[in-house]
1. Going through segment 35-66 one residue at a time, which ones are within 15 Å of ligand 1 (Cβ to nearest atom), open to solvent by 20 Å² or more (accessible area, probe 1.4 Å) and not in a helix (DSSP H, G or I)?
2. Looking at segment 156-175, can you tell me whether even one residue there is closer than 16 Å to Asn112 by Cα and either open to solvent by 50 Å² or more (accessible area, probe 1.4 Å) or in a strand (DSSP E or B) (or both)?
3. Give the residues of segment 180-214 that are among the β-branched types (Val, Ile, Thr) and over 14 Å from Val139 (Cβ atoms), sorted by residue number.
4. Restricting to segment 162-212, name every residue that is more than 16 Å from ligand 2 (Cβ to nearest atom), of a type in the set (S, T, N, Q) and within 14 Å of the chain's Cα centre (by Cα).
5. Among the candidates Leu103, Leu58, Leu110, which residue alone is in contact with a helix residue (DSSP H, G or I) (Cβ under 6 Å, 6 or more places away or on another chain), touching a residue at least 40 places away in the same chain (Cβ under 8 Å) and not aromatic (Phe, Trp, Tyr)?
6. Using the structure shown, decide if Thr179 is out of contact with any strand residue (DSSP E or B) (no Cβ under 8 Å at 6 or more places or on another chain), modelled with pLDDT of 95 or more and of a type in the set (Val, Ile, Thr).
7. Among the listed residues Asp171, Asp196, Asp183, identify the single one that is away from ligand 1 (no atom under 16 Å from the Cβ) and touching a Gly at 6+ places or on another chain (Cβ under 7 Å).
Amino acid sequence: MTTPTPATPTDRSTAAIDVQDLHKYFGANEVLKGIDFHVGKAQVVCVIGPSGSGKSTLLRCVNMLETPTSGKIFVEGAEITDPDADIDKLRARIGMVFQQFNLFPHMTVLRNLTIAQEKVKGRKKDEAVQIARSTLAKVGLSEKESAYPAHLSGGQSQRVAIARALSMSPDMMLFDEPTSALDPELVGDVLAVMKDLASEGMTMMVVTHEMGFAREVGDKLVFMDGGVIVEEGDPRTVLADPQHERTQSFLSKVL
Ligand code: ADP
Ligand code: MG
C-alpha cells in the first residue's frame, strides 16, 4: 500500500508555522502543555476544542501576543521565540482576526485600512489607499469605504477586519473564532471570504466551531483539550471517525 500524497507540502523544514514543544503558564496554571504541530505553506489548519482548552493562547503565541514559557516557534524558518528576533518585523507578516472585530470606531472604513499601512509599513498615503480599496473589493465592501464601524453589520465589520489585516500584505492569517460573535445569517459571508482566501493560497490557522468550513476548506484539523493536541488529521477523517474518546465526546456535542 502506498501513502497518499498530501495535496500541499507538509515538510517541516519548509513549514510556514512550526511549533515545537510549546508550553505556556499563566502563573501556576499550565495552559499549553507541550504543543507540537506545523502548518505547511498555503495550508489551512483548523483548530477546534472546548472553551478553555488553550486555542486562543496557542494562536496568540504564534504571533507573540503571548510569550511562550518554553518551546520554539518558527515562522517561515525564522525563530520568533529567539530572544534576539525582530518581533515587530515578524509580526507584521502575520495577519490576525479576532472574534471581536476591534475596528477603530472613530475612523472610516478606509482609514481603518490605511492607518497601519502608513504607520507600520511606512507606505505613502496614495499607495495605502489603493491597497485598501483593492482589499475592500475582495471582501465585497467597496461601497462602505466612507462608512463608520457603528453603521456596519457584524458580518460587514468582520469582513472589514479581514480586509484590514490583508491590507498589510501578510504571509499568513490567524483567525480566532471569526464568526462566533455573528448572527447566524451573517456567518456565511465571512466564511465565503475566508474560503476565497484559502483558494488563493493564503496560509491560514483558524480556530472555529464551523465544522462545515473545517471539513470543506481545512487541510488539517487539530483537536485540543486541556492544553494538549488530542488528535489531528485530515478533517474529513477526524470528523467522521474520531479516534479518541475526548474528540468523540466533543464532536457529539457540536455536530
Ligand atoms: P480557548 O481559546 O480554547 O477557550 P484560552 O487559550 O483562551 O482557551 O484559555 C486557556 C486557559 O488559559 C483558560 O483557563 C484561561 O482562563 C487561561 N488564560 C487565558 N489567558 C489568560 C491570561 N491572560 N491570564 C491568565 N489566564 C489566562
Ligand atoms: Mg478562545
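1. Pro50, Ser51, Gly52, Met64, Leu65, Glu66
2. Step one: filter segment 156-175 for residues closer than 16 Å to Asn112 by Cα, giving 156-169.
This time we only want the ones that are either open to solvent by 50 Å² or more (accessible area, probe 1.4 Å) or in a strand (DSSP E or B) (or both), so: 169.
Yes, there is a match, as at least one residue in segment 156-175 is closer than 16 Å to Asn112 by Cα and either open to solvent by 50 Å² or more (accessible area, probe 1.4 Å) or in a strand (DSSP E or B) (or both).
3. Of the residues in segment 180-214, the ones among the β-branched types (Val, Ile, Thr) are 187, 190, 193, 203, 206-208.
If the condition is that a residue be among the β-branched types (Val, Ile, Thr) and over 14 Å from Val139 (Cβ atoms), then Val187, Thr203, Val206, Val207, Thr208 are the ones that fit.
4. Within segment 162-212, the first condition is being more than 16 Å from ligand 2 (Cβ to nearest atom), and the residues that meet it are 162-173, 183-204, 211-212.
From what's left, of a type in the set (S, T, N, Q): 167, 169, 199, 203.
Residue satisfying the conditions is Thr203 alone.
5. On the way: Leu58 fails: in contact with a helix residue (DSSP H, G or I) (Cβ under 6 Å, 6 or more places away or on another chain); Leu110 fails: touching a residue at least 40 places away in the same chain (Cβ under 8 Å).
Result of the check over Leu103, Leu58, Leu110: Leu103.
6. On the way: out of contact with any strand residue (DSSP E or B) (no Cβ under 8 Å at 6 or more places or on another chain): yes; modelled with pLDDT of 95 or more: yes; of a type in the set (Val, Ile, Thr): yes.
Yes.
7. Being away from ligand 1 (no atom under 16 Å from the Cβ) and touching a Gly at 6+ places or on another chain (Cβ under 7 Å) holds for just one of Asp171, Asp196, Asp183, which is Asp183.
Residue by residue, here is whether (1) modelled with pLDDT under 95; (2) closer than 28 Å to Met211 by Cβ; (3) in contact with a Cys (Cβ under 6 Å, 6 or more places away or on another chain); (4) of a type in the set (Phe, Trp, Tyr) holds:
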{"site": "Arg12", "(1), (2), (3), (4)": "yes, yes, no, no"}
{"site": "Tyr25", "(1), (2), (3), (4)": "no, no, no, yes"}
{"site": "Phe37", "(1), (2), (3), (4)": "yes, yes, no, yes"}
{"site": "Cys46", "(1), (2), (3), (4)": "no, yes, no, no"}
{"site": "Gly71", "(1), (2), (3), (4)": "no, no, no, no"}
{"site": "Glu76", "(1), (2), (3), (4)": "yes, no, no, no"}
{"site": "Ala85", "(1), (2), (3), (4)": "yes, no, no, no"}
{"site": "Met96", "(1), (2), (3), (4)": "no, yes, no, no"}
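The values are calculated or read from the model by the stated rules, or taken from the named source; none is laboratory data. A quick note: this is a predicted structure, and the numbers were derived from the prediction, not measured. Backbone-built Cβ (ideal geometry, glycine too); neighbour counts: all protein chains shown. Accessible surface areas use protein heavy atoms only, side chains included; no ligands, DNA or RNA. Shrake-Rupley method; radii C 1.70, N 1.55, O 1.52, S 1.80 Å.
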